[in-house]
Amino acid sequence: MALLSVAEAFERVLAETAPLPAEEVPLDQADGRVLAYDLKARRTQPPADVSAMDGYAVRAADVAAAPVRLRIVGEVPAGRPFGAVVGPGEAARIFTGGVVPAGADSIVVQEVTRRRDGGWVEIEKPTSKGRHVRLRGLDFRAGDVLLGKGHRLTARDLQLAAGMNHPFVPVHRRPKLAMFATGDELVAPGTEPGPGQIVYSNGFALAALARAEGADVIDLGVVGDKLDETVAAVRKASARGADILLTTGGASVGEYDLVQAAFAKEGMALSFWKVAMRPGRPLMHGRLGGMAALGVPGNPVSSYVCAFLFLVPLIRRLCGRSDLATPTETAQLGCDLPENDERADYLRASLRDGPDGPVATPFPVQDSSMMTPLAKADCLVIREPHAPAAKAGEQCTLMRLPR
């Protein structure tokens, strides 16, 4: 199978993939979820003209020649409207959020008033009509579409949805992602590795990345380098109702790289296997019924970069988002780079502010087994296939890594 370009691989991963069905969830479970339908306000806010300050509800014409004295005819706390009318020469004591009484058209703040014995208030300064009054519908009106389909809900959106009187919101179901690693050499963190063994690390990064994008992760652990064990893990993912199967390791061409054979045994035709990128050339993709399968390499950097470039957009598509790909931006190169070969390079790099804008400096060693530079990286500098040599100070394209 020939090497596929990154752009073509991206399109194939997202092909025939649609947002998952909608479900109603309570607001306290909706943070980060994506709306499946437009959300309309069920009420008008504020529902009536209300005071924006503590003070007195008055007729602006009565205080135009302040200082003046007005007779206090009532009190208007928030939630307890005043049933009478404020007439000429009258005022009603009012608090923030109180409904402006009929007849009144302005609020005088209490700082420019003096309460007098006998039920009178002295207004020391005039005020204009409508001053400190929040008009009915100032924020929104019933029927207004305030949160649109495909919008990923934030904390502020939840506040708005509650104000719109929605205790539940319609969102796309979270994708279920089942994942397993392959390799007889892998041992759990905290274990003392034996000869030839290494500590398993990829799954912790991949699971965190998937959860951050809204997926529910089913961790199937580490599978030995045996075909029947690998097939059993694939079947277990399907039985658990996974929307995505993510494997790490076993994606190359060695005799112990069995993921592709397990996929084939279960009837999956590969969409692609090799991608013209570095790191991450042996990347696999296909479908098993309703389950998308993505096999990333076992090298730590390769597994993370492949997941960042392909798994994240896949999860976002299933979640109903429209911002699928991580945006790119430009910066100045902080060092010289040689010409590139036929594969696109994704170079781990630091990013700092320079006198003429951001400066991205790729680390000098880009070995795909090295976790320390990946953890320190701020971004990936993208070098297109066959890119000519570049000098420090020239423009480059990058993707910021999540912090």
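A compact table of results
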item: Residue match in segment 133-141 (condition: modelled with pLDDT under 95 and among the charged types (D, E, K, R)); result: no
item: Output for segment 242-265, where each listed residue is modelled with pLDDT of 75 or more, farther than 14 Å from VAL231 by Cα and of a type outside the set (S, T, N, Q); result: ALA242, ASP243, ILE244, GLY249
item: Condition check for ALA7: among the small types (Gly, Ala, Ser) and outside any loop (DSSP other than H, G, I, E, B); result: yes
item: Residues of segment 168-192 satisfying the condition of being over 26 Å from ILE315 (Cα atoms) and touching a residue at least 12 places away in the same chain (Cβ under 8 Å); result: ASP184, GLU185, LEU186, VAL187, ALA188, PRO189
item: PRO358 in a loop (DSSP other than H, G, I, E, B), without any contact (Cβ under 8 Å) to a residue 40 or more places away in the chain and over 25 Å from LEU177 (Cβ atoms); result: no
item: Test: LEU227 is surrounded by fewer than 21 Cβ atoms within 10 Å (Cβ to Cβ), farther than 26 Å from LEU374 by Cβ and under 32 Å from the mean Cα position of the chain (by Cα); result: no
item: Residue satisfying all of: in segment 133-165; surrounded by 20 or more Cβ atoms within 10 Å (Cβ to Cβ) and assigned to a loop (DSSP other than H, G, I, E, B); nearest to the chain's Cα centre (by Cα) among these; result: LEU153
item: Residue under evaluation GLY393, criteria (1) in contact (Cβ under 8 Å) with a residue 60 or more places away in the chain; (2) farther than 16 Å from MET277 by Cα; (3) in a strand (DSSP E or B), criterion not met; result: (3)
item: Residue in segment 195-206 that is under 21 Å from the mean Cα position of the chain (by Cα), surrounded by fewer than 18 Cβ atoms within 10 Å (Cβ to Cβ) and under 30 Å from THR154 (Cα atoms) present; result: yes
item: Selection status of VAL359, crowded, with 18+ Cβ neighbours inside 10 Å, over 18 Å from VAL301 (Cβ atoms) and modelled with pLDDT of 95 or more; result: yes
item: Residue in segment 187-194 that is part of a strand (DSSP E or B) and crowded, with 19+ Cβ neighbours inside 10 Å present; result: no
item: Spans of strands (runs of 3 or more DSSP E) in segment 242-335 with at least 3 residues surrounded by 24 or more Cβ atoms within 10 Å (Cβ to Cβ); result: 244-248, 291-296
item: Strands (runs of 3 or more DSSP E) (entirely within segment 20-107) containing at least 2 residues that are in contact with a Pro (Cβ under 6 Å, 6 or more places away or on another chain) and surrounded by fewer than 14 Cβ atoms within 10 Å (Cβ to Cβ); result: none
item: Selection within segment 211-221 - out of contact with any helix residue (DSSP H, G or I) (no Cβ under 6 Å at 6 or more places or on another chain) and either under 18 Å from GLN29 (Cβ atoms) or surrounded by 21 or more Cβ atoms within 10 Å (Cβ to Cβ) (or both); result: ARG211, ALA212, ASP216
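Here is a yes/no grid of residues against (1) surrounded by 13 or more Cβ atoms within 10 Å (Cβ to Cβ); (2) part of a strand (DSSP E or B); (3) among the aliphatic types (A, V, I, L, M); (4) modelled with pLDDT under 95:
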{"residue": "GLU339", "(1), (2), (3), (4)": "no, no, no, no"}
{"residue": "TYR346", "(1), (2), (3), (4)": "yes, yes, no, no"}
{"residue": "SER350", "(1), (2), (3), (4)": "yes, yes, no, no"}
{"residue": "PRO373", "(1), (2), (3), (4)": "yes, no, no, no"}
{"residue": "LEU380", "(1), (2), (3), (4)": "yes, yes, yes, no"}
{"residue": "LEU398", "(1), (2), (3), (4)": "yes, yes, yes, no"}
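The values are calculated or read from the model by the stated rules, or taken from the named source; none is laboratory data. Everything numeric in this text was worked out from a predicted model, so none of it was measured. So basically every Cβ, Gly included, is an ideal-geometry build from the backbone, and we count neighbours across all protein chains shown.
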